[in-house]
1. Suppose accessible area is computed on protein heavy atoms with a 1.4 Å probe; arrange 72, 229 from highest to lowest.
2. Based on the Cβ-Cβ distance from residue 309 to residue 182, what FRET efficiency comes out when R0 is 25 Å, to the nearest 0.05?
3. Please compute the contact order of the range 30-164 in relative form: average sequence separation of alpha-carbon pairs under 8 Å and at least six residues apart, divided by the residue count, as a percent.
4. Tally the DSSP beta bridges in the chain and give the antiparallel ones as a percent, rounded to 5.
5. For a protection proxy built on the mean count of beta-carbon atoms within 10 angstrom, sort 17-27, 106-116 highest first, please.
6. Can you give the FRET efficiency to the nearest 0.05 for residue 52 and residue 265, using r as the Cβ-Cβ distance and R₀ = 45 Å?
7. So which chymotrypsin sites (Phe, Trp or Tyr not before Pro) in the range 154-231 pass both tests, a DSSP loop state and at most 11 other Cβ atoms within 10 Å of the Cβ?
8. Any chance you could give the angle, 0 to 90 degrees and rounded to 10, that helix 31-42 forms with the longest Cα principal axis of the chain?
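The values are calculated or read from the model by the stated rules, or taken from the named source; none is laboratory data. In this text, all values refer to a predicted model and were calculated from it rather than measured experimentally. In this analysis, Cβ positions are derived from the backbone assuming ideal geometry, glycine residues included, and neighbour counts consider all displayed protein chains. We work out accessible area using only protein heavy atoms, side chains counted, and drop any ligands, DNA or RNA first. Shrake-Rupley method; radii C 1.70, N 1.55, O 1.52, S 1.80 Å.
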Amino acid sequence: MKAFYAEEQKHHDPKAFLSSGAPQPNPEKPERVERLLAGARSAGLTIERPREHGLGPIAAVHTPEYLDFLEHIFARWQRIEGASAEVIPNIHPIARGGSYPASAVGQAGYHMADTACPISAETWNSALWSAWSAVEAAEAVMAGAHSAYALCRPPGHHAFADVAGGFCFINNSAVAAQVLRKNAACVAILDVDLHHGNGTQGIFYARSDVLTVSLHADPVRFYPFFWGHADERGEGAGLGYNLNLPLPRKSGDAAFLEALGTAFRRIRAFAPEALVVALGLDAFEGDPFGGLSVTTPGFSRIGEAIAGLGLPTVIVQEGGYLCEALGDNLTAFLTGFGGKKG
Ligand SMILES: [Zn+2]
């Protein structure tokens, strides 16, 4: 299996983060890349640099207004006297019914869901290359590869069509799914990250051609709180095409694999022509977020189970934070999935 990654993806280095109101170091560190690259290589994958793909495949799932904001907000922010080094919102509209603000501060609040996605000088370029890695992996699968892995960093699944959040700016999994739609009548996205893929759900919520399925720690007391509950099923033409499978905190391998079985039944009934796996590794028992208790051998079984669907598959990296086993967990997943094939 080929893996795609560009060095520019490492340049984004966020500092700010609030955990229960307390300032903490941002956990989405560039060092994650080194661990993940080592993990991919241990599974026998070869790493290739993606080509540039322009804004086309990104603009297919994000609004022009939002992409313009992401590209230019850092420079605009620097012109504000006394502003912080990173773009961090301090005011949010409680609903989207009001006017679109002209000011940088207003737009930061409009387009950024939380303080976990600070924007610095390198953020836009890193996010672009991260998305292009996803595009390249999708194109490899469209060209006949059984599967491909996109080492996307910064991650993407908390980014909505026009909102950043939770370390995410461009929704790489959604970009990959939309690219696959050029050849596939319908595509499923299976999100196994610890956190609910709220941005991905939001992007496809009213569509029936992309099924979104997410397994995650129950958001009743966990990020992203407002989304990820079992009764969110889609709307309009998309009603019934979103499936959320929240798991009790600290659920381990057995519970995760059982929920995966439920996900597979829904995916098989949908009969997609291709699959995107939003691969978070933060469901790990030793991940700093501590939400679920999947083991390293558990990731191997999860990979093997997903391979059993027999679908052309794009694996997109989402979360998974610095801990001793981060690289091993990726190796376990990819090896279980059958990384050396196709
Ligand atoms: Zn996560």
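1. Details: 72 80, 229 50 Å².
Final ranking, largest accessible area leading: 72, 229.
2. Details: r = 21 Å, r/R0 = 0.84.
That gives a FRET efficiency of 0.75.
3. Working: 122 pairs, mean separation 40.4, N = 135.
Computed value for the range 30-164: 30 percent relative contact order.
4. Details: 4 of 38 bridges.
Counting only bridges with both partners in the chain, antiparallel ones make up about 10 percent.
5. Values: 17-27: 11.7, 106-116: 20.8.
Packing order, densest peptide first, comes out as 106-116, 17-27.
6. Details: r = 40 Å, r/R0 = 0.88.
For R0 = 45 Å, the calculated efficiency reads 0.70.
7. Values: sites: 160, 167, 169, 204, 205, 222, 225, 226, 227; in loops: 160, 167, 169, 205, 222, 225, 226, 227.
Those satisfying the criteria are 226.
8. 20 degrees
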